[in-house]
Structures are given as C-alpha cells and as structure tokens.
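Engineer: Sharing a structure with you now.
The values are calculated or read from the model by the stated rules, or taken from the named source; none is laboratory data. Quantities reported herein were computed from a predicted structural model and do not represent experimental measurements. Counting neighbours? That spans all protein chains shown, and the Cβs are built from the backbone with ideal geometry, glycine included. For accessibility, only protein heavy atoms count, side chains too; no ligands or nucleic acids. Shrake-Rupley method; radii C 1.70, N 1.55, O 1.52, S 1.80 Å.
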Amino acid sequence: MEEHDKITHVGVILSANLSSSERTNSACSKGRSALMSIMGIGIKIYGINPITSTNLYQKICLPSALYGSELWNSLTQTELLQLEKMQRFCAKKIQSLHWRTRSDMCTSLIGLIRVEAHIDNSKLRFLGRLCNMPPMLCKSIFLTRLFSFKLNCTVRKLGFIPDVHRILKKYGLLNYLETFTDTGSFPRKQIWKIILRDRIRDYEQNQWQQRISTDPDFDRFRLLHTKLNEPSILWKIALRKPGLVPQLSLLLRLCTLTPAADNELNECYKCGLMYNDVLVHLFTACHALDEIRNQFWSFIIDNCDVEYSTSLNQLSDEMCTCAMLGPTF
C-alpha cells in the first residue's frame, strides 16, 4: 500500500504529522484566488460599490476559504494571522485602498469582522446541529466525546470538543452547553443562530474599540467611524448617489490617513505656512485653497439653516476637518 504525507478528505487537507499549516495556506490561497476570479465584473476603483463587493466576498470568497472550518482545531496564532492577512488583502482590493492602510480601518469600513470570528461561528453552529440531532450513531459519538472531556477522561485535550468549550467560554455561552449536559435541552436552530450573531457581534465590536482607543493613529478615525459591523456611511451614500463615487472614494481614503509619527512642523509648498497635520491645514488654513474654501462656505450658508452653518463655523480646526470628512457630524 502506497503511503502519503497528506491526503485531501472532503476538501480538507489532512497531514500525517497533524500539522494544519498546509491547510491554512491552501485556505488563504483559495480566498485570494476567489476574489481575483470575480474582480473582472467590476471590483476596482470607481467600479462596483464596495458594499456590494463585500457581499460577494462574504458569499463566494470566504466560504471557499473556510470550507470545512467547523472541524478545524488548535489553530496557531501564526495561522490565524495568515487568515486575517488574506481578508485584509481582499478588503483593500475591494476599496482600492493603499496596501499600508491600517488593518482595523480597511476591514471596519466595509463592516467585516475577523476571520477568527467566522470560524468560531461555524463551529458553534455545528455544535448546535449536533446537540439538536435525533438519536443516531453520530449523536452517540458526539455525546461520548463530550462527556469524556467533561469527566477528564483524556490527558491531551485536543480536537473539536475542547475547541468548542474554549469558544463558548470566550463568548460567555458556556451555560448553554452545561444546560445541555444536565437536561438535554438546547436552543433550536434559528434561536441559536440569533444568539451567536448578537454575542459575536458585540464581542468583536468591544475588541475593535479597545484596539483603536489607545492607538494615536486612530484619533481622527474613531470619530468618523464608530461601528465595526456597519459599512462606512460614505459607502452607503455612494449606493444612493453612484455619480459621487470618485469624490466619496477620495474622502474615504483621506479618512484612513494617519498622522505623522512626530509632531514636527512642515512647510506647505503651496502657501508657505507651517503645519503638523496636512489634512487640517488643507481643509482650514492653506491660502492656496482659499477660493475653494470660500465657495464651500457660501454653499453651506445658502443651502443649510442658520443653526447648522453657525455650529459648523464654531468648531475647532480639527473638528471642522472631521465634519468635512464624514457626515456623522
């Protein structure tokens, strides 16, 4: 009988040394290839709206990359990082953002949660199907593994059950599994799906806010975009006003600019003034743009009520810049 170092079983690569790195590399390659295969339909700068492109990514590319992820276990941090890099690559391609755009910016602007959260969701939904399964051989095997884990019958705790236990604890859902082992009751499919959606969404939102709250690169961005699971309001406007896509794309790229590492003053080659924040300078102070700025204020005064134009004029230079970059102000 011929021996092999690896074998593909129902689309999942299994390695003789129990390593999952090759499977992860294959998943990342599938995700990128799937995106490239659909880019010809208009996923490019000023092409299909990124919200539409994101829906295609979530329905075509992500399922292709994460096929069989319900049974993935013991993923290393290196493998998770590879999967996240794949998604960041796709998010930047979809929005035509610079390759050095911060990760938490490019994904949140189109409402994408981390790949790890998608894997967790797949595993927990699979757990729900197992718990609600009628009595049969598969259910008996699952219950044997579950109670072996609960009663500490094994020394090395690897595989689906330990992973699910860790994930349930992570999202504060462990009580559902404990109730199942005690009483045999578990939420039905639709109820469990809603519970998972809400818990994972809230957890990812909190984690995202914690990451950006202490990073100075996000000082302006966190004022412009406050929710991880919702696309940028600029992309929503672009859905209703396709003719404004070039201008809205420019505004969004400006939103992702990070301040300089130091606060050294630079001289503007257009007007000669010194500045330490190029966006604030361009929007509020640069004399080379005085005529355009005057036209903007004339438009605000002529088309908006007095209270709005007055409150906008009273903002600080930084807040005024934020108001021009995003209509959340």
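Engineer: Which residues, taken from segment 274-284, are surrounded by fewer than 17 Cβ atoms within 10 Å (Cβ to Cβ) and in contact (Cβ under 8 Å) with a residue 12 or more places away in the chain?
Structural biologist: Answer for segment 274-284, where residues must be surrounded by fewer than 17 Cβ atoms within 10 Å (Cβ to Cβ) and in contact (Cβ under 8 Å) with a residue 12 or more places away in the chain: 276, 278.
Engineer: Okay, moving on. Name every residue in segment 183-222 that is out of contact with any Phe, Trp or Tyr (no Cβ under 7 Å at 6 or more places or on another chain), surrounded by 18 or more Cβ atoms within 10 Å (Cβ to Cβ) and in a helix (DSSP H, G or I), in order of residue number. It would help to see each step written out before you state the result.
Structural biologist: Taking segment 183-222 and keeping what is out of contact with any Phe, Trp or Tyr (no Cβ under 7 Å at 6 or more places or on another chain), we get 183-185, 188-198, 201-202, 204-211, 213-222.
Retained after the next criterion (residues that are surrounded by 18 or more Cβ atoms within 10 Å (Cβ to Cβ)): 192, 196, 204, 208, 218, 220-221.
Within segment 183-222, 192, 196, 204, 208, 218, 221 qualify.
Engineer: Mind telling me which of the residues 258, 179 ends up being out of contact with any Lys or Arg (no Cβ under 6 Å at 6 or more places or on another chain), of a type in the set (Val, Ile, Thr), on the phi < 0 side of the Ramachandran plot and assigned to a loop (DSSP other than H, G, I, E, B)?
Structural biologist: Exactly one residue qualifies, and that residue is 258.
Engineer: If you don't mind, there's one more thing I want to ask. Filter segment 46-55 for residues that are under 20 Å from the mean Cα position of the chain (by Cα) and either β-branched (Val, Ile, Thr) or on the phi > 0 side of the Ramachandran plot (or both); which is least open to solvent (accessible area, probe 1.4 Å)?
Structural biologist: It comes out as 54.
Engineer: Right, here's the next one. On the basis of being part of a loop (DSSP other than H, G, I, E, B), out of contact with any Asp or Glu (no Cβ under 8 Å at 6 or more places or on another chain) and at pLDDT below 90, does residue 302 make the cut?
Structural biologist: no
Engineer: Being modelled with pLDDT of 90 or more, surrounded by 13 or more Cβ atoms within 10 Å (Cβ to Cβ) and over 28 Å from the mean Cα position of the chain (by Cα): is that true of residue 121 here?
Structural biologist: no
Engineer: Report whether or not residue 232 is out of contact with any His (no Cβ under 7 Å at 6 or more places or on another chain), at pLDDT 90 or above and not β-branched (Val, Ile, Thr).
Structural biologist: On the way: out of contact with any His (no Cβ under 7 Å at 6 or more places or on another chain): no; at pLDDT 90 or above: yes; not β-branched (Val, Ile, Thr): yes.
Spelling it out, it is not the case that residue 232 is out of contact with any His (no Cβ under 7 Å at 6 or more places or on another chain), at pLDDT 90 or above and not β-branched (Val, Ile, Thr).
Engineer: Cβ-Cβ below 7 Å, separation at least six or inter-chain, first residue in segment 175-190 and over 22 Å from residue 144 (Cβ atoms), second open to solvent by less than 60 Å² (accessible area, probe 1.4 Å) and in a loop (DSSP other than H, G, I, E, B): which pairs?
Structural biologist: 188/132; 189/132
Engineer: In addition: Name the pairs whose Cβ atoms lie under 8 Å apart, with the first residue in segment 193-212 and closer than 22 Å to residue 164 by Cβ, the second open to solvent by 80 Å² or more (accessible area, probe 1.4 Å) and part of a helix (DSSP H, G or I), and 6 or more positions between them or separate chains?
Structural biologist: That search, which allows pairs on different chains as well, returns 193/125; 196/125.
Engineer: Still on this structure: Considering only residues that are in contact with a strand residue (DSSP E or B) (Cβ under 9 Å, 6 or more places away or on another chain) and among the β-branched types (Val, Ile, Thr), which ones fall in segment 52-96?
Structural biologist: Scanning segment 52-96 gives 54, 94.
Engineer: When the residues of segment 84-96 are filtered to those that are within 21 Å of residue 247 (Cα to Cα) and open to solvent by 20 Å² or more (accessible area, probe 1.4 Å), which remaining residue is nearest to the chain's Cα centre (by Cα)?
Structural biologist: It comes out as 92.
Engineer: Further question on the same structure: Quickly run through segment 305-329 and pick out the residues that are open to solvent by 50 Å² or more (accessible area, probe 1.4 Å) and under 20 Å from residue 237 (Cβ atoms). It would help to see each step written out before you state the result.
Structural biologist: Step one: list which residues in segment 305-329 are open to solvent by 50 Å² or more (accessible area, probe 1.4 Å), which gives 305-308, 310-311, 313-319, 327-329.
Scanning segment 305-329 gives 308, 327, 328, 329.
Engineer: Here's another thing I want to ask about it. Check off (1) more than 27 Å from residue 202 (Cα to Cα); (2) without any contact (Cβ under 8 Å) to a residue 24 or more places away in the chain; (3) open to solvent by less than 80 Å² (accessible area, probe 1.4 Å) for residue 25 and give me the number that stays unchecked.
Structural biologist: Evaluating residue 25 over (1) more than 27 Å from residue 202 (Cα to Cα); (2) without any contact (Cβ under 8 Å) to a residue 24 or more places away in the chain; (3) open to solvent by less than 80 Å² (accessible area, probe 1.4 Å) leaves (2) as the failure.
Engineer: Select, from 81, 35, the only residue that is open to solvent by 20 Å² or more (accessible area, probe 1.4 Å), among the aliphatic types (A, V, I, L, M) and assigned to a helix (DSSP H, G or I).
Structural biologist: One residue alone meets the criteria, 81.
Engineer: Could you please find all residues in segment 124-167 being over 34 Å from the mean Cα position of the chain (by Cα) and outside any helix (DSSP H, G or I)?
Structural biologist: 134, 135, 136, 151, 152, 153, 154, 155
Engineer: Taking segment 293-304 as the search range and keeping residues that are surrounded by 12 or more Cβ atoms within 10 Å (Cβ to Cβ) and of a type outside the set (D, E, K, R), which one is farthest from residue 282 (Cα to Cα)?
Structural biologist: Going through the qualifying residues, I end up with 304.
Engineer: Exactly one of (1) under 23 Å from residue 50 (Cα atoms); (2) at pLDDT below 90; (3) part of a helix (DSSP H, G or I) is unmet by residue 308. Its number?
Structural biologist: Checking residue 308 against (1) under 23 Å from residue 50 (Cα atoms); (2) at pLDDT below 90; (3) part of a helix (DSSP H, G or I), the one that fails is (1).
Engineer: Now for a separate question. If the requirement is being modelled with pLDDT under 90 and either over 15 Å from the mean Cα position of the chain (by Cα) or farther than 29 Å from residue 217 by Cβ (or both), which of these qualifies: 75, 66?
Structural biologist: The conditions single out 75.
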